[in-house]
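**Q** One structure follows; several queries about it will come next.
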Amino acid sequence: MSEATDVVEYLIVGGGMTADAAVRGIRSEDPEGQIRLLSAEPHPPYDRPPLSKGLWKGEPEERVHRETGDLQVDLRLDTRAVSLETDPPAVVDDSGTRHEAQRILLATGARPRRLADSHEGVIYLRTLDDYRRLRAHLETAQRIAVVGGGFIGCEIAGSLAAASEAEVHLAFPEEMPLAGKIPPPFDRYLARTLEDMGVTIHSGVEVTGVEEDDRGHYRLQTGEEDPSPDPGDTQPDVAPVREKESRALGTLPSLPFDVVVAGLGVEPCVELARDAGLEVAGGIVVDHGLLTSAPHIWAAGDVARFPLSLTGRREILGHEEHANESGMLAGRAMAGASVRYDPLPYVYSGVGELTLEVVGLPSPEDEVEVEAGTGPLDPGCARYFRNGRTTGVLIWNRPGRAFKVKREWSSKDDNPGPGMDRLRELILQG
Ligand SMILES: Cc1cc2nc3c(=O)[nH]c(=O)nc-3n(C[C@H](O)[C@H](O)[C@H](O)COP(=O)(O)OP(=O)(O)OC[C@H]3O[C@@H](n4cnc5c(N)ncnc54)[C@H](O)[C@@H]3O)c2cc1C
C-alpha cells in the first residue's frame, strides 16, 4: 500500500532544465500555487551544457545551479517516480509515497545510450555526478578514450585535450565527426580543430564494448580493425586521422585507457507515460499546448514529441533552448495560460575556439549550399533546403548572429526562410 498525501496543485516529475523552466512558467502565472518537484538526482536543477564545455575552461561549478529552490518549491531530491496514474492524476515514488496532483508535468528527459557490451567504469556524460567522476581522473589519467563523434563526444574530447596532459583519442564509426549534421568542408574543419587541440581521431571505427584488463586499464572492443592508416585514401590538408601517430600507437583495441567516456546519443525516458497508457511514439506525444493524451498531464523537454510546423511532423529535440522554452510554456499552460509551442529549433555547440550553431531542423536528405573560408576558424555558413524552402542554417564560428537569422525567419507566417544571399549578409557581413 502506498502512503497517501494531500493533493498538490502542481507536480513536476524530473529535475533538469525543463523542470526548472516549468517552475518559472508556473510562477509567472501563479505566484502562490503549491509546486512539488520529484527528481531522481541528488542535486537541484542545473545547466547541463557546461558539463562538456565551460566547466573544463575554469567556469566555477556553482555557476551551473539554477536556484529553483528560491521559487517556493517543495524539492524532493533523490526521489524517483515509479508509476503514474491518470484519473485522478498521481505519481508513486520509489519510497512508496503517492503524490496526487491537480496537474502533472512529465519532464523526465533522456538517458544516454549505452554500449552493447558496457563496463561499469565507462562514463556516460549526462549528470553533474558523471562530470565529477570524470574530473576526478584528470590529474592521473594518461590516456583517455572518447567514444562517439556527435556533439557530446566532440565537445568533451576537445575539452579534455585542452584541460589535461592526457592523450585523448576520439573514435566513431563515421568518416567524419558530426557526420550528417554538418556538411563538408565544416566536418573536416572540425576534425582539424580537434586534432590541433591534440585529439587523435579514429574515424570509421565502431566500438562495441569495453573490457577491463588485470591492471585496471580499459580496452576498447571494436567491430573491425582500426582502418585509419591508409594514406592513399586521404586528402592532404583535411585528413581526419593522425596517421603517423595512429600507426606508431598501434590499433585502437591494443591501447590501454585509464578512462573511457561515451557519447552515443540519448533515449527519452518514456516508461512512466507508456505504462500509464499515454500515447508514446519515440517520445511522449503532446499537442501544441504540450498536453499529453491524458487530461491534466503535460510533457516537455527532451522527453516530449511535439508537432513542428517547420517540418510538418512531430519531432523530438535534445537542445537547451527547447528545454527552456517548452518547459516555461508547459508551466504556464499548467497554470491556465493559453500557449502554443511551435519553435524554430536552435542548437549550439563549441570545441575550443570554434562555435557552431544550427537554426531550424535540417535532415541529411536536404540539399545544401555552403559558404566556407579556407581555414577551420574562418566564419562560414550553410543553408539546407528542400523544395525551395530553407530547412536549416549552419552558422560557423560567427557567434551572436543566430538571433538575426531567427528574427528574420520567424517574422512572417509561412516564411520560406532566408536564401543564401541574405544569409551571407546576416551572418558574414558587418
Ligand atoms: C554534457 C551535455 C552538454 C550539452 N550541451 C548542449 C549544448 O551545448 N547545447 C544545447 O542546445 N544542448 C546541450 N545539451 C542538451 C541539453 O542539456 C538537454 O537538451 C537538456 O538538459 C534537457 O533537459 P530536460 O530537463 O528535458 O531533460 P534532462 O536534462 O534529461 O533531465 C531530466 C531529469 O529528470 C530526472 N528523472 C528522470 N526520470 C525520473 C523519474 N522517473 N523520477 C524523477 N526524476 C526523473 C532525471 O534524473 C533528470 O534530472 C547538453 C547535454 C549534456 C548532457
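Values in this text are rule-based calculations from the coordinates and carry no lab data. All figures in this text were calculated on a predicted structure; none of them were measured in a lab. Neighbour counts are summed over all protein chains in view; Cβ atoms, including those assigned to glycine, are modelled from backbone coordinates with ideal geometry.
**Q** Modelling each spin label as a point 7 Å along the Cα-to-Cβ direction, I'd like the R132/L377 distance in nm, to one decimal.
**A** Inter-label distance under the simple model: 3.5 nm.
**Q** Under a point-charge model restricted to the Cβ atoms of Lys and Arg (+1) and Asp and Glu (-1), what is the dipole moment magnitude of the range 353-428 relative to its Cα centre, in debye to the nearest 20?
**A** So the dipole magnitude of the range 353-428 works out to roughly 280 debye.
**Q** Return the calculated 222 nm mean residue ellipticity for the chain, to the nearest 500 deg cm²/dmol, obtained by summing -39500 (n - 2.57) across DSSP H runs with n ≥ 4 and dividing by the residue count.
**A** -5500 deg cm²/dmol
**Q** Along the charge dipole of the chain, Cβ charges K/R +1 and D/E -1, which of P45, V370, L194 sits furthest on the positive end?
**A** Farthest along the dipole direction, towards plus: V370.
**Q** Can you classify the chain as rounded, prolate or oblate using the Cα gyration tensor, where a ≥ b ≥ c are the square roots of its eigenvalues, rounded means a/c under 1.5, and otherwise it's prolate if a/b beats b/c and oblate if not?
**A** Cα axes put the chain in the oblate bin.
**Q** Same structure again: State, to one decimal in nm, how far the label point of R386 lies from the label point of E62, with both points 7 Å from Cα in the Cβ direction.
**A** Distance between label points: 4.8 nm.
**Q** With a cut-off of 8 Å between alpha carbons and a minimum separation of six or more residues, what is the relative contact order of the chain in percent?
**A** 16
**Q** Another question about this same structure. Once each part is reduced to its C-alpha centroid, what is the distance from the range 371-414 to the range 270-306 in angstrom?
**A** Here the answer is 31 Å between Cα centres.
**Q** Moving on to the next point. Antiparallel versus total DSSP beta bridges in the chain: what percent is that, nearest 5?
**A** For the chain, the DSSP antiparallel bridge percentage is about 55.
**Q** By how many degrees, 0 to 90 and rounded to 10, does the Cα axis of helix 320-334 deviate from the longest principal axis of the chain?
**A** 10
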